[in-house]
1. Counting only other residues whose beta carbon sits under 15 Å from that of Gly39, what net charge do I get with K and R as +1, D and E as -1?
2. Can you pull the three principal axis extents for the Cα set of the stretch 156-208, in Å, largest first?
3. Go ahead and run the numbers for FRET between Glu477 and Glu277, Cβ-Cβ distance against an R0 of 51 Å, rounding to 0.05.
4. If you rank Asp384, Asp392 by fewest surrounding Cβ atoms within 10 Å, what's the result?
5. Please report Thr321, Thr456, Thr145, Thr257 as a ranked list, fewest other C-beta atoms within 10 angstrom at the top and most at the bottom.
6. Mind listing the phi-derived Karplus ³J(HN,Hα) values for the stretch 398-409, rounded to whole Hz, using 6.51, -1.76 and 1.60 with θ = phi - 60°, and x for any glycine or proline?
7. What are the aspartates and glutamates whose alpha-carbon lies under 18 Å from the alpha-carbon of Lys167, with same-chain residues fewer than 8 places away excluded?
8. How many lysine pairs are close in the stretch 282-462, with Cα atoms under 13 Å apart and the two 8 or more places apart or on different chains?
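Just so you know, all these numbers are worked out from the coordinates, no wet-lab data involved. Note that this is a predicted model, so its numbers are computed, not measured. A quick note on method: Cβ atoms are made from the backbone with ideal geometry, for glycine too, and the neighbour counts reach across all protein chains shown.
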Amino acid sequence: MGIKTKEEYIESIRALKPTAYMFGERLTNPVDNPRIRAGIEATAATYEMANKPENKDLFITTSPLINEPVNRFTLPPSSIEDLVARVKVNRKMANYVGTCHQRCTGLDCLSTLAIVTYDIDKKYGTKYNENFTEFLKYMQKNDLTGNACVTDVKGNRSLNPHEQVDKDMFVRVVEKRDDGIVVRGAKAHQTGSLSSHEIIALPTRAMGKNDADYALAFAVPSDTKGVIHVVGRSSLDMRELDGCDIGNVYYSKYCPTIIFDDVFVPWNRVFMCGETEFASEMVVRFSSFHRQSHGGCKSGKIDCMIGAALTMMDYNGTAKTSHLKQKVIDMIHRAETLYGCCLASSYEGKKEPSGHYFIDTVLANASKLHEGKEMAEATRLMIDACGGFVADLPSDRDFANPEIGGLLKKYLKAVDTVPVENRIKMYRLTEKMAMESADTISDIHGGGSPEAHRVTIFRETDTESKKKAAKRLAGIEE
Ligand SMILES: Cc1cc2nc3c(=O)[nH]c(=O)nc-3n(C[C@H](O)[C@H](O)[C@H](O)COP(=O)(O)OP(=O)(O)OC[C@H]3O[C@@H](n4cnc5c(N)ncnc54)[C@H](O)[C@@H]3O)c2cc1C
């Protein structure tokens, strides 16, 4: 109970016995599988960082719910200060692991449910907020990690859930019992599901009144019977399994598909069941929170890319090259614009009827749209500054080979005073940051496709006040 250490977190994940598959085989021990472990280590860093004395003021705070210190990754925001801390913690974490740490998504679910369960209860007199509050206490007291289980597989994208030929294309209730519900369906791209204690499911889209069976929110432990995790491919997965040419200390992102094969959820773990008009509120709240989390995180990843570009310039003898300095300035500009937009979204946040705080949606979505384009540009600039070995550096096994290792090291040497081993290590990191598919593709699709951000920006912007301003200036009275 209480704040966990990194080691306690890893052992608590080891104690779970999820049903998981990878490369066609059952994964009996995900924690010690190098591919999954690299993801678990990234999440473990959120525990490690919280326990460092210099980070405690930022990472640890007192929960008004349990009146005990908690890691911020279990704290739905109750003030502007909490909203701001979300961004700062994410930047610091990405700066530390250089990739996705995978724990923000669970917090984004908790922050959403803290607001929306209250709103549903107010309208219907249901008990979802009570259920959620008990769940939140459990998450906080045990310092747990949640997976945001949102993206349904969705079938034919032009059809609503109830219109699909196969009715299981969106997660739905197939049975209601006295003690709970049985759910069936599948969710795709589940970041860090095997690094998580709890799977927190929310709807992925707005629902019409015929979609009541699909308007669902609930949480189950990640090793619940019938929950099947299928780990997908990513660009560097064989390197992790091989234990060679990994590219940074030991962190990476993986995103399984989760199948709910008739999973029982007790009523006290159900947070919405059939209240279709609240599905869109869930989606807007979650996606805004998550898009903002992304921005805080990715500004921290650009920090790592800037550091790599500058170090490679030192190593290559181009530290004083003016066009490269300009490119680093362009990278800094991108990181700070992203960070600034996310911070602004927090500072413009507002108190909700539940007492929790919500960010400014337009600014959060603007930050994600910016990220989708500008992370690719920051990556391009890093590659430009570093050179072609980002693409095709020989394997560490070639460097270790007695026949060719010496020759390779001779020809990869650049600035005389820099050990060639350091230059090789830094190239390996740049390769990882540029090519880790799960992380770089999430810049675009994580938290929703770019069009979803654009639609939200237009829908949530007060366009009438802008027209009014223009008409007044033009002297038009209507
Ligand atoms: C690396 C990574 C990590 C992720 N992590 C998580 C996670 O932890 N949890 C989670 O729940 N989800 C996660 N996601 C899922 C992410 O939110 C989705 O990928 C995203 O919402 C897009 O959905 P999709 O992949 O089904 O693509 P699609 O919805 O098929 O979109 C493909 C394109 O078609 C367009 N499109 C689709 N339907 C329509 C329509 N009806 N009208 C107009 N245009 C349409 C989209 O705008 C997009 O341009 C992750 C995704 C990635 C890539």
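1. Net charge in that neighbourhood comes out at +2.
2. Rounded to whole Å, the extents work out to 34, 32, 18 Å.
3. With a Förster radius of 51 Å, E is 0.85.
4. Asp392, Asp384
5. Thr321, Thr257, Thr456, Thr145
6. 6, 5, 8, 6, x, 6, 10, x, x, 5, 4, 5
7. List returned: Asp152, Glu175, Asp211, Asp213, Asp261, Asp262.
8. Final tally of qualifying lysine pairs is 5.
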